[in-house]
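Q: Shown below is the structure under consideration.
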Amino acid sequence: MADKHDDHDHGHGHDHGSELSEMQLRVRALETVLTEKGYVDPKALDVIIEAYEKRIGPHIGAKVVAKAWTDPGFKQALLADASKAIGTLGLEQKVGDHLIALENTKDTHHIVVCTLCSCYPWDVLGLPPAWYKSAPYRSRTVKEPRAVLADFGVTLPADTTIRVWDSTAETRFIVVPMRPAGTEGWSEEKLAGLVTRDAMIGTGLAKSADGAAP
Amino acid sequence: MNGIHDMGGMDGFGKIEAPPAEPPFHAEWEGRVLALNRVMQATGEWNIDVGRWWIETLPPAEYLASSYYRKWFVRLERLCLARGLVTKEEIAAGHAEGPGRKLRRVVPASEAAALLSRRNYDLAPRAAARFKVGDRVTTKNMHPVSHTRLPRFARGRTGTIERIQGCHVYPDATVAEGVERPEWLYTVTFDGRELWGPDADPTVKVSIEAFEPYIELAK
């Protein structure tokens, strides 16, 4: 634990480091009080942390997208009710209800944001990246999505409709990016390697066929 | 409330800094804070809407200066104090001075994995949905001082019902009245120019998830 903390401090300012130390102490104090009061089982905390460190991440969403690319029946079911369709895949962790899959096409590009907090489909993408929770992303995406995409190095044709989804309730969204050209006949597993986290948020595109791991 | 958290459409925050890869947690305490929030919310002392409200009511300067997990930590500490679960003295000392009060639920390690699946906020409807897909609706020009999920940029604007998302716990009532009341939820889609003026990019469409009390039929 201490090592991890120290690693993080490399390359950062000294002030940032001292803030982290203060937070370590404050968090430890609160956890101790809550545990001694009998409100918290620290082992329950370990289970949750380990799940997000090791098990729950964008590889889950990538598997779903790759299946949608190769199985038209599954894609149809996914777009109709993503929670239900993903439930049929037998994943280790149940995906919450009201997950909505949004299909990118040549005509329409979807991008997801939460302007009020940082709602994110954790159960299929894992922990949200820091930028997703940042003021620049939350403020700009609903107003100037093309400029936001440019920050991610993505330029879309001028006549593509940009469809922004603000996650203001307990619905969650996952984008199904367009399948890259030149991937005909690829296995689901190989295709999943092209599906990035950002492509499923809508700030990126799937990797091209030559970007795949060999 | 018209708080600092309601960021949609604000200018001046600059470029999005997106490194190619990030560790799951940037420091060990971030993971502890995430997990503490999960298990304490699961005690039933508050729900997700109340949790959000206690982040929104951070002083604006503190909100902007705090990282995501610092906000989560401050929220948890404030809520535990407000609910009488701990005392200031105990937090300062880092130790309990006496036993806690009886909670509806304490999450054992064996049940923690179940908290990883997002909770369902469906409630049985009290009445049929007032609007249907394709209806033109206008959001209310409302400025409640309590919690709401109708962002400022989308108030008093006219759009189209794109989807009916079911009947859910109404966050505004949860925080203002302390009750979990059902309301229909709709995806309402606006033309970018309706939100940002005639010079806005005509290819942009923006939706919000709007609870029924937020909208009325367009005139």
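Readers should treat all values here as calculations from the given coordinates under stated rules, not as data from a laboratory. Keep in mind that this is a model prediction, so the values were computed, not measured. Here Cβ is always computed from backbone atoms with ideal geometry, including for glycine, and neighbour counts include all displayed protein chains.
Q: Using DSSP, restrict attention to beta bridges with both residues in the protein assembly as shown and report what percent are antiparallel, rounded to the nearest 5.
A: 60
Q: Would you order A:Asp210, A:Asp46 from fewest to most other beta-carbon atoms within 10 Å of each residue's own beta-carbon? Don't skip to the end; give the middle numbers.
A: Working: A:Asp210 7, A:Asp46 15.
Ranked by crowding around the Cβ, least crowded first: A:Asp210, A:Asp46.
Q: To the nearest Å, what is the center-to-center distance of segment B:149-170 and segment A:45-100, using C-alpha atoms only?
A: After rounding, the separation between the Cα centres reads 26 Å.
Q: If neighbour count is taken as other Cβ atoms inside 10 Å, put B:Asp49, A:Asp151 in order from fewest to most.
A: Values: B:Asp49 21, A:Asp151 17.
Lowest to highest Cβ neighbour count: A:Asp151, B:Asp49.
Q: Taking every residue in B:95-107, how many Cβ atoms of other protein chains lie within 10 Å of its Cβ, on average? All intermediate terms of the calculation are to be shown ahead of the outcome.
A: Details: counts 4, 8, 3, 2, 3, 8, 3, 1, 3, 0, 1, 6, 7.
For this peptide, the per-residue mean of nearby foreign Cβ atoms is 4.
Q: Moving on. Among A:Gly182, A:Ala80, A:Ala206, pick out the residue whose Cα is farthest towards the positive end of the charge dipole of segment A:57-211, where Lys and Arg carry +1 and Asp and Glu carry -1 on C-beta, about the Cα centre.
A: Value: A:Ala206.
Q: Give, rounded to the nearest 20 debye, the magnitude of the charge dipole that chain A has about its Cα centre when Lys and Arg contribute +1 at Cβ and Asp and Glu contribute -1 at Cβ. Intermediate values should be presented prior to the final figure.
A: Working: 24 positive and 30 negative charges, 126 e Å.
Around 600 debye, computed over chain A.
Q: A follow-up question, please. In nm, to one decimal, how far is the A:Glu188 label point from the B:Ala200 one, both placed 7 Å along Cα→Cβ?
A: Placing both labels 7 Å along Cα→Cβ, they lie 4.0 nm apart.
Q: Then there's this: Filter B:Lys71/B:Lys102; A:Lys84/A:Lys106; A:Lys106/B:Lys71 down to the pairs with a C-alpha to C-alpha distance above 30 Å, please.
A: Values: B:Lys71/B:Lys102 27 Å; A:Lys84/A:Lys106 27 Å; A:Lys106/B:Lys71 39 Å.
With Cα atoms farther than 30 Å apart: A:Lys106/B:Lys71.
Q: Ok, one more. Points 7 angstrom from Cα along the Cβ direction at B:Ala65 and A:Lys43: gap in nanometres?
A: Inter-label distance under the simple model: 4.1 nm.
Q: I've got another one for you. What length, rounded to one decimal in nm, is gained on full extension from B:Lys102 through to B:Val133, with 0.36 nm per residue of separation minus their alpha-carbon distance? Show your work: numbers first, answer last.
A: Values: separation 31, 0.36 × 31 = 11.16 nm, distance 4.67 nm.
Gain in length upon complete extension: 6.5 nm.
Q: As an exercise, use a Förster radius of 35 Å and the Cβ-Cβ distance of B:Lys140 and B:Ala21 to find the FRET efficiency, rounded to the nearest 0.05. It would help to have the intermediate numbers written out before the result.
A: Details: r = 43 Å, r/R0 = 1.22.
Result of the calculation: an efficiency of 0.25.
Q: Ok, one more. Rounding to the nearest 20 debye, state how big the charge dipole of segment B:1-128 is about its Cα centre with +1 on each Lys and Arg Cβ and -1 on each Asp and Glu Cβ. Write down the numbers at each step before the final one.
A: Details: 17 positive and 16 negative charges, 111 e Å.
Dipole of segment B:1-128, to the nearest 20 debye: 540 debye.
Q: For a distance above 16 Å, tell me the whole-number percent of Cα pairs in segment B:28-116 that qualify.
A: On the way: 2290 of 3916 pairs.
Distances greater than 16 Å cover 58 percent of the Cα pairs.
Q: Specify the residue with the greatest mean-square fluctuation among B:Pro60, B:Pro125, B:Pro20, computed from a Gaussian network of chain B linking alpha-carbon atoms under 10 Å apart.
A: B:Pro20
Q: Averaged over its residues, how many other protein chain Cβ atoms are within 10 Å of peptide B:34-46's Cβ atoms? Each step should come with its number before you reach the end.
A: Numbers: counts 5, 12, 11, 1, 4, 9, 4, 0, 1, 3, 0, 1, 0.
Partner Cβ neighbours, averaged per residue: 4.
Q: If you add up the charges near A:Val95, with Lys and Arg at +1 and Asp and Glu at -1, over every other residue whose beta carbon is less than 14 angstrom from its beta carbon, what do you get? Each step should come with its number before you reach the end.
A: Working: positive: A:Arg55, A:Lys63, A:Lys67, A:Lys84, A:Lys94, A:Arg172, B:Arg118, B:Arg119; negative: A:Asp81, A:Glu92, A:Asp97, A:Asp123, A:Glu170.
Neighbour charge sum, excluding A:Val95 itself: +3.
Q: Right, here's the next one. Enumerate the residues in segment B:1-45 having an amide nitrogen under 16 Å from the point lying 7 Å beyond the Cα of A:Leu91 toward its Cβ.
A: So the set is empty, nothing qualifies.
Q: What does the highest-first list of B:197-206, A:165-174 look like by mean Cβ count within 10 Å?
A: Values: B:197-206: 16.1, A:165-174: 25.3.
Listed from highest to lowest mean packing, they are A:165-174, B:197-206.
Q: How far apart, in nm, are two points set 7 Å out from the Cα along the Cα-to-Cβ line at B:Ile164 and at A:Lys54?
A: 4.6
Q: While we're looking at this one, here's another question. Loop only per DSSP, at most 16 neighbouring Cβ atoms within 10 Å: give me the trypsin sites (Lys or Arg not before Pro) in segment B:90-130, ordered by residue number. Please report the intermediate quantities before stating the final value.
A: Details: sites: B:Arg101, B:Lys102, B:Arg104, B:Arg105, B:Arg118, B:Arg119, B:Arg126, B:Arg130; in loops: B:Arg101, B:Lys102, B:Arg104, B:Arg105, B:Arg118, B:Arg119, B:Arg126, B:Arg130.
In loop regions of segment B:90-130 (DSSP not H, G, I, E or B), the sparsely surrounded trypsin sites (Lys or Arg not before Pro) are B:Arg101, B:Lys102, B:Arg104, B:Arg105, B:Arg119, B:Arg126, B:Arg130.
Q: So if I average 1/r over every pair of distinct C-alpha atoms in segment B:136-217 and take the inverse, what Kirkwood radius in Å does that give?
A: Details: mean 1/r = 0.0757 Å⁻¹.
Radius from the Kirkwood sum: 13.2 Å.
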